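What follows is a single structure, written as structure tokens, with notes after it.
The values are calculated or read from the model by the stated rules, or taken from the named source; none is laboratory data. These figures come from a predicted structure and were not determined experimentally. Please note: Cβ atoms are built from the backbone with ideal geometry, for glycine as well, and neighbour counts cover all protein chains shown.
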Amino acid sequence: MNRLSFLAYSAMFGVALVPSSVPAQQQGTTLRQQLIGTWEIVSTSPENRPGAQILGTNPKGVFMLGGSGKYAVTFENRNRPKTAERSAAGFVANFGTWSVNEADKTLAMHVEGSLSPSIEGTDGKRTISLNGDELKVTNPETKITIIYRRVRASN
């Protein structure tokens, strides 16, 4: 996806396009405010669980949480076959709405659209842990944890 397409896609879903250069701890007093921005995937664990295998051992992707309450996520398995045909194998993409429960540190997401139509209209709850610019998101059902790093604005 070229940069213009990415910007248009991001704007369409109300996602903050320019990450803050202010440290996460100073961005806001609430967990919700600290989560707003763009995050890039660092790793998944455990890698041998169903669901994590689709992303492979060295996934690439972004998770964007907009102040508007909209989110978008895209991941790819870097080892997926490079073919000329259009294929979604090894690629995950969805968007929808998000909210956070400050008390129990959970992230709730409602999927509005997805590359996998079977999850459209579903709700998911994830346990989160934020430490500076590192965000850990764990699915309590699959026990898969995805670790993200905040994307900083480049000057």
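Scan region 69-89 for residues that are of a type outside the set (Phe, Trp, Tyr) and either crowded, with 21+ Cβ neighbours inside 10 Å or modelled with pLDDT of 80 or more (or both) and jot them down. Talk me through it step by step, then tell me what you get.
Filtering region 69-89 for residues of a type outside the set (Phe, Trp, Tyr) gives 69-70, 72-74, 76-89.
Selection gives Gly69, Lys70, Ala72, Val73, Thr74, Glu76.
Inspect all residues belonging to region 90-108 and state whether any of them is modelled with pLDDT under 90 and either more than 15 Å from the chain's Cα centre (by Cα) or assigned to a loop (DSSP other than H, G, I, E, B) (or both).
So far as region 90-108 goes, yes, one or more of its residues are modelled with pLDDT under 90 and either more than 15 Å from the chain's Cα centre (by Cα) or assigned to a loop (DSSP other than H, G, I, E, B) (or both).
Given the residues Ser154, Ser129, Ser118, which is the only one that is at pLDDT below 95, small (Gly, Ala, Ser) and not in a loop (DSSP other than H, G, I, E, B)?
Exactly one residue qualifies, and that residue is Ser118.
Could you check region 132-151 and list, in sequence order, the residues that are at pLDDT 95 or above, part of a loop (DSSP other than H, G, I, E, B) and over 22 Å from Phe91 (Cβ atoms)?
The one that is at pLDDT 95 or above, part of a loop (DSSP other than H, G, I, E, B) and over 22 Å from Phe91 (Cβ atoms): Asp133.
Taking region 116-144 as the search range and keeping residues that are loosely packed, with under 12 Cβ neighbours inside 10 Å and of a type outside the set (Ser, Thr, Tyr), which one is farthest from Thr30 (Cα to Cα)?
Pro117
Can you tell me which of Gly56, Gly66 is of a type outside the set (Ser, Thr, Tyr) and modelled with pLDDT of 90 or more?
Every option except Gly66 fails the conditions.
Starting from region 62-81, keep only residues that are under 16 Å from Ile36 (Cα atoms), then list their pairs with residues that are part of a strand (DSSP E or B) and charged (D, E, K, R) whose Cβ atoms are within a distance under 8 Å, requiring at least 6 positions of separation or different chains.
Pairs that qualify, where the first residue is under 16 Å from Ile36 (Cα atoms) and the partner is part of a strand (DSSP E or B) and charged (D, E, K, R), are Val62/Glu40; Phe63/Glu40.
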